[in-house]
Amino acid sequence: MNHVIKKILTTGFLLSVSASLVACGSGSDNSSTGSGNGGEQTPAGDLPAKIQDAIDGPLSGLTQNVRDTLTYMYSEEGLAHDIYLNIYSLQPVKQLENIAKKSEVKHIDAMNQLARKYDLNMTQYPDTDIPYSIEGIGNGTYPVAQVQYLYNILYDKGIQSQKDALGVGCMVEVVDITDLDDYIKTAQASNASDVLTVFEFLRDGSYNHYWAFDKGLKNMGITEGCCSVPDALGYHFCHPEYPQNDQKND
């Protein structure tokens, strides 16, 4: 997402994208939109053993690029958790609550543990080397400007209807997968095996979530599922090539 959104933020396309996505165009009130993670570590249950072993394993020699990807993905996983619960409070679509409470909390936990491992300050992206801190992140508030922008416009879209809520789910997961495709390559190039394992775990989860939202749309009679979501923000949301994985422990 970072390379695409940065381009959008520096062009006149910003207003036209916001208008096309959000009929009301009012912006969101982050202070009153549900529970969020509030910058606190959310109880997540046990991570899969492979993921926990990777996190608990030896330190990798992280480049600055890898450090940036960690801090960026922490905010992006927080966005998924927060936006799903906050939209759910107004559009009670079961997929939103299930994915936020059963999966996204695990994703946040995995990223939080990596941040602790490498003593990264998640609140001052991209200058995040030390000391470790997540204070103030959560409930629709993020230190990464691109993530904050995405949260605001997608929240406003998702609260319009249950169809829009599911469509936003498709959009969030495609953004996550697109970013993770790039960040997995960055971790591979740096031989950061622990980061690579976590990022692959996040991407597998996003594949599953994409198909859950796709099924939700189809159950509403939207026969094309996620493929019915119009292109926006430089993304195409129809991805029949995404694998449909075992949905345990994602």
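Quick notes on this structure:
- Selected residue [in contact with a helix residue (DSSP H, G or I) (Cβ under 7 Å, 6 or more places away or on another chain), crowded, with 18+ Cβ neighbours inside 10 Å and at positive phi] from G140, G158, G169: G140
Residue by residue, here is whether (1) under 22 Å from S193 (Cα atoms); (2) modelled with pLDDT of 90 or more; (3) not hydroxyl-bearing (S, T, Y) holds:
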position	(1), (2), (3)
G39	no, no, yes
G57	yes, yes, yes
I83	no, yes, yes
A110	yes, yes, yes
K117	yes, yes, yes
Y132	yes, no, no
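- K94 in contact with a Ser or Thr (Cβ under 9 Å, 6 or more places away or on another chain) and modelled with pLDDT of 95 or more: no
- Residue satisfying condition, being hydroxyl-bearing (S, T, Y) and under 14 Å from the mean Cα position of the chain (by Cα), within set S161, S133, S75, S89: S75
The values are calculated or read from the model by the stated rules, or taken from the named source; none is laboratory data. This is a predicted model, so every value here is computed, not measured. As a convention, Cβ positions derive from the backbone with ideal geometry for all residues, glycine included, and neighbour counts pool all protein chains shown.
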